[in-house]
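Engineer: This structure is in structure tokens; I'll ask about it shortly.
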Amino acid sequence: MPHENRDDPAVRFERVTKRYGDRTVLDGLDLEVGRGEHVTLIGPSGSGKTTILRLLMTLERVTDGVIHVDGRPFSHMPGGTNGKLVPASERHLAAHRRRIGMVFQQFNLFPHMSVLENVVEAPVHVLGESREDADRRARDLLDLVGLGDRADARPTRLSGGQQQRVAIARALAMRPGILLLDEVTSALDPELVAEVLDVLRDVARSTDITLLCVTHEMGFARDVSDRILMFDRGRIVESGPADELLESPAHARTRAFLGRSGERGRPLR
Amino acid sequence: MWDGEAARAALPAVLEGFGVTVLATVPAFAVAMVLGLVLALVQRAGPAWLALPVRGAAAFVRTTPLLVQLFAAWVLVPALDAPVLGVLVLGTHYATYLSEVYRTGIDAVPKGQWEACTALSLPRRRVWRAVVLPQAVRNVLPPLGNYAVSMFKETPLLSVITVHEMVHEANTFGSTHFAYLESFTLAAGVFLLASWPTSVLVRRLEARLAA
């Protein structure tokens with residue numbers, strides 16, 4: 001297996017196709033995200049943005065094509081005759097997906113655990129950290145997201161914005177190299193969006209984490225992204241630096257999409 | 001008609017029988033809870049070669065009468081004492097119902113919980129133990145309670161394999177003193193006194209979980 005190389009992109013999709021029955025969501029997609037790069041995917045719903053994140057998190061399997069992470073095959077593994085790539089086993093996926101974390105639209109916190117237990121669960125049971133170390137770090141992370149005083153609360157006692165901040169702390173506790181953000185503010189009341197985006201801006205600025213976001217918050221996209229990809233019907237319509245793409249989109253489809261969302265760099269809602 | 005004297009005389013025997021009834025119900029329900037969980041897990045997460053026969057066997061036990069199972073076990077497994085055999089048969093019979101209850105509870109755990117576990121790379125075992133089962137069991141506490149009550153009320157069937165539970169004792173007293181009315185009325189009263197508060201508790205629990 002080739003050794004990890006600093007120049008390898010963090011994520012590379014090689015002609016990735018995803019079909020559900022006879023509906024094609026992604027059609028031979030090629031995509032690269034550099035290490036430490038912050039990329040935002042925009043586009044109409046049903047255009048396949050979220051599917052990209054779900055494939056990376058192994059919540060879905062590719063129909064065709066290969067996903068590479070850190071220069072190594074991720075959705076597939078060498079096997080079969082003469083080292084040809086075969087679909088990855090559950091074991092291969094389990095060994096490699098630790099590098100990747102995800103924050104969901106619906107938070108998906110564990111409701112029967114306290115906030116602190118949510119955050120320490122994976123470091124203790126996956127990374128094998130001691131409970132004391134994990135506790136200490138979890139409290140630091142909860143401070144980072146502004147919830148240091150709610151460590152013992154049940155998630156259901158928190159507002160949506162607070163729950164989402166806990167979910168961010170929980171994902172960061174695994175020290176992911178790549179963080180996937182799937183419409184993390186879409187389920188929130190408008191007045192709670194800002195507190196979540198502020199936390200994410202902090203994370204984006206203060207770490208060298210690779211970020212892959214799907215969002216309808218154009219202001220946030222502009223703030224944190226190095227690059228924005230405009231998606232439509234499973235294909236990249238246009239790609240460019242955040243300001244450029246939002247200010248002067250080259251493609252008619254992008255102009256139509258940005259026009260319809262009725263804003264330029266302001267939150268949708 | 002009603003002979004207060006006979007009723008008073010029957011009370012100790014009936015209460016002794018009640019002790020046996022409780023002693024049978026508690027371990028039988030424990031067997032049902034544990035075995036039911038195992039059955040549910042095998043059917044949900046086990047390999048197909050095991051899940052399918054287990055599903056078939058559970059359906060068979062569930063759809064045949066408990067009375068017949070008790071007689072069959074009594075004849076086929078003479079090595080075991082009647083109370084032990086009764087507890088095992090009763091527990092196994094109810095386990096097949098409880099496995100369905102657990103399955104409903106497991107299915108009711110939202111998909112997002114599983115996805116969060118994958119995103120955190122939690123190992124399978126940990127997913128079940130720490131995330132899915134605690135929520136699944138909480139989901140089904142009320143039906144579990146209801147099954148406990150109905151199992152309690154079915155223990156008189158154990159009398160057919162000579163377990164001296166309450167109805168057996170009432171019957172014996174009735175025949176020796178010719179006081180069936182008194183002894184059976186007492187037994188019914190004790191059942192009511194024990195079942196009623198339990199089902200009220202279950203209903204309260206249900207209301208609290210729904211809130």
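The values are calculated or read from the model by the stated rules, or taken from the named source; none is laboratory data. As the structure is a prediction and not an experimental result, all values here were calculated from the model. Counting neighbours? That spans all protein chains shown, and the Cβs are built from the backbone with ideal geometry, glycine included.
Engineer: When you go through (1) in a loop (DSSP other than H, G, I, E, B); (2) within 14 Å of chain A (Cβ to nearest Cβ) one by one for B:PRO78, which number turns out not to apply?
Structural biologist: Just one mismatch for B:PRO78, condition (2).
Engineer: Could you run through segment A:70-124 and say how many residues are more than 14 Å from chain B (Cβ to nearest Cβ), of a type outside the set (A, V, I, L, M, F, W, C) and farther than 22 Å from A:VAL203 by Cβ?
Structural biologist: Within segment A:70-124, residues that are more than 14 Å from chain B (Cβ to nearest Cβ), of a type outside the set (A, V, I, L, M, F, W, C) and farther than 22 Å from A:VAL203 by Cβ number 13.
Engineer: From B:ALA95, B:ALA116, which residue is in a helix (DSSP H, G or I), among the small types (Gly, Ala, Ser) and more than 29 Å from B:VAL149 (Cβ to Cβ)? Walk me through how you get there before you give the answer.
Structural biologist: Working: B:ALA95 fails: more than 29 Å from B:VAL149 (Cβ to Cβ).
On inspection, the qualifying residue turns out to be B:ALA116.
Engineer: To continue, here is another question. Within segment B:81-119, restricting attention to residues that are within 30 Å of A:MET174 (Cβ to Cβ) and of a type in the set (Asp, Glu), which residue is nearest to the other protein chains (Cβ to nearest Cβ)?
Structural biologist: Across segment B:81-119, the extreme among qualifying residues is B:GLU115.
Results for (1) of a type outside the set (Lys, Arg); (2) modelled with pLDDT of 90 or more, shown as yes or no for each residue.
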position: A:ARG157; (1), (2): no, yes
position: A:ASP182; (1), (2): yes, yes
position: A:ILE209; (1), (2): yes, yes
position: A:PHE231; (1), (2): yes, yes
position: A:ASP243; (1), (2): yes, no
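Engineer: Could you pull out the residue among A:GLY36, A:GLY101 that is under 25 Å from A:ARG165 (Cα atoms) and touching a helix residue (DSSP H, G or I) at 6+ places or on another chain (Cβ under 9 Å)? Let's see the steps before the verdict.
Structural biologist: On the way: A:GLY36 fails: touching a helix residue (DSSP H, G or I) at 6+ places or on another chain (Cβ under 9 Å).
Going through A:GLY36, A:GLY101 in turn, the sole match is A:GLY101.
Engineer: While we're here: Quick one: A:THR185 ticks every box in (1) surrounded by fewer than 20 Cβ atoms within 10 Å (Cβ to Cβ); (2) in contact with a Pro (Cβ under 9 Å, 6 or more places away or on another chain); (3) in a loop (DSSP other than H, G, I, E, B) except a single one, so which number is it?
Structural biologist: Of the numbered conditions (1) surrounded by fewer than 20 Cβ atoms within 10 Å (Cβ to Cβ); (2) in contact with a Pro (Cβ under 9 Å, 6 or more places away or on another chain); (3) in a loop (DSSP other than H, G, I, E, B), the odd one out for A:THR185 is (1).
Engineer: Then there is this: Go through the residues of segment A:31-41 one by one and say whether even a single one is without any contact (Cβ under 8 Å) to a residue 40 or more places away in the chain, under 22 Å from A:ASP226 (Cα atoms) and more than 14 Å from chain B (Cβ to nearest Cβ).
Structural biologist: Just the residues of segment A:31-41 that are without any contact (Cβ under 8 Å) to a residue 40 or more places away in the chain, to begin with: A:32.
From what is left, the residues that are under 22 Å from A:ASP226 (Cα atoms) are A:32.
Still in the list and also more than 14 Å from chain B (Cβ to nearest Cβ): A:32.
Yes; the residues of segment A:31-41 include at least one that is without any contact (Cβ under 8 Å) to a residue 40 or more places away in the chain, under 22 Å from A:ASP226 (Cα atoms) and more than 14 Å from chain B (Cβ to nearest Cβ).
Engineer: On to the next question. Could you please find all residues in segment B:1-15 being surrounded by 14 or more Cβ atoms within 10 Å (Cβ to Cβ) and not aliphatic (A, V, I, L, M)? Lay out the reasoning, then the answer.
Structural biologist: Our first condition is that a residue be surrounded by 14 or more Cβ atoms within 10 Å (Cβ to Cβ); within segment B:1-15, this holds for B:3, B:6-7, B:9-11, B:13-15.
B:ASP3, the sole residue that qualifies.
Engineer: Something else: When you scan segment B:98-113, how many residues do you find that are closer than 21 Å to A:LEU59 by Cα, in a helix (DSSP H, G or I) and in contact (Cβ under 8 Å) with a residue 24 or more places away in the chain? Show your work before the answer.
Structural biologist: If we filter segment B:98-113 for residues that are closer than 21 Å to A:LEU59 by Cα, which is where we start, we get B:106-113.
Okay, now just the ones that are also in a helix (DSSP H, G or I), so B:106-107, B:111-113.
Applying the additional criterion that residues be in contact (Cβ under 8 Å) with a residue 24 or more places away in the chain yields B:106.
Of the residues in segment B:98-113, 1 are closer than 21 Å to A:LEU59 by Cα, in a helix (DSSP H, G or I) and in contact (Cβ under 8 Å) with a residue 24 or more places away in the chain.
Engineer: Look through B:ALA194, B:ALA148, B:ALA188 and report the one residue that is in contact (Cβ under 8 Å) with a residue 12 or more places away in the chain, out of contact with any His (no Cβ under 6 Å at 6 or more places or on another chain) and closer than 15 Å to B:LEU15 by Cα. Spell out the reasoning first.
Structural biologist: On the way: B:ALA148 fails: closer than 15 Å to B:LEU15 by Cα; B:ALA188 fails: in contact (Cβ under 8 Å) with a residue 12 or more places away in the chain.
When all the criteria are applied, what remains is B:ALA194.
A quick yes/no check of all residues on (1) buried (at least 21 other Cβ atoms within 10 Å of the Cβ); (2) within 14 Å of chain B (Cβ to nearest Cβ); (3) out of contact with any Leu (no Cβ under 6 Å at 6 or more places or on another chain):
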site	(1), (2), (3)
A:ALA153	no, no, yes
A:GLU191	no, no, yes
A:ALA194	no, no, yes
A:THR207	no, no, yes
A:CYS213	yes, no, no
A:ASP232	no, no, yes
A:ALA242	no, no, yes
A:LEU246	yes, no, yes
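Engineer: Has segment B:121-133 got any residue that is away from chain A (no Cβ under 14 Å) and assigned to a helix (DSSP H, G or I)?
Structural biologist: Residues of segment B:121-133 that are away from chain A (no Cβ under 14 Å), as a first pass: none.
The answer is no, given that none of the residues of segment B:121-133 is away from chain A (no Cβ under 14 Å) and assigned to a helix (DSSP H, G or I).
Engineer: Return yes when A:GLY160 is free of Cβ contacts under 8 Å to residues at least 24 places away in the same chain and either more than 13 Å from chain B (Cβ to nearest Cβ) or crowded, with 16+ Cβ neighbours inside 10 Å (or both) and no when it is not. It would help to see each step written out before you state the result.
Structural biologist: Details: free of Cβ contacts under 8 Å to residues at least 24 places away in the same chain: no; either more than 13 Å from chain B (Cβ to nearest Cβ) or crowded, with 16+ Cβ neighbours inside 10 Å (or both): yes.
When the stated conditions are applied, A:GLY160 does not pass them.
Engineer: Right, something else. Hey, can you tell me all the residues within segment A:22-32 that are touching a Phe, Trp or Tyr at 6+ places or on another chain (Cβ under 9 Å) and under 10 Å from A:ILE52 (Cβ atoms)? Can you show your working first?
Structural biologist: We begin by selecting, within segment A:22-32, every residue touching a Phe, Trp or Tyr at 6+ places or on another chain (Cβ under 9 Å); these are A:26, A:29-32.
A:LEU26, A:LEU29, A:LEU31 - these are the residues of segment A:22-32 that are touching a Phe, Trp or Tyr at 6+ places or on another chain (Cβ under 9 Å) and under 10 Å from A:ILE52 (Cβ atoms).
Let's see how each residue does on (1) of a type in the set (A, V, I, L, M); (2) surrounded by 24 or more Cβ atoms within 10 Å (Cβ to Cβ):
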| site | (1), (2) |
| --- | --- |
| A:ALA94 | yes, no |
| A:GLY101 | no, yes |
| A:GLN106 | no, no |
| A:PRO111 | no, no |
| A:VAL115 | yes, yes |
| A:VAL119 | yes, yes |
| A:ALA122 | yes, yes |
| A:VAL126 | yes, no |
| A:GLU132 | no, no |
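Engineer: If you go through segment B:138-145 one residue at a time, do you hit one that is under 30 Å from B:ALA108 (Cβ atoms) and outside any helix (DSSP H, G or I)? Steps first, please.
Structural biologist: We begin by selecting, within segment B:138-145, every residue under 30 Å from B:ALA108 (Cβ atoms); these are B:138-145.
So of that shortlist, the ones also outside any helix (DSSP H, G or I) come out as B:140.
For segment B:138-145, residues under 30 Å from B:ALA108 (Cβ atoms) and outside any helix (DSSP H, G or I): present.
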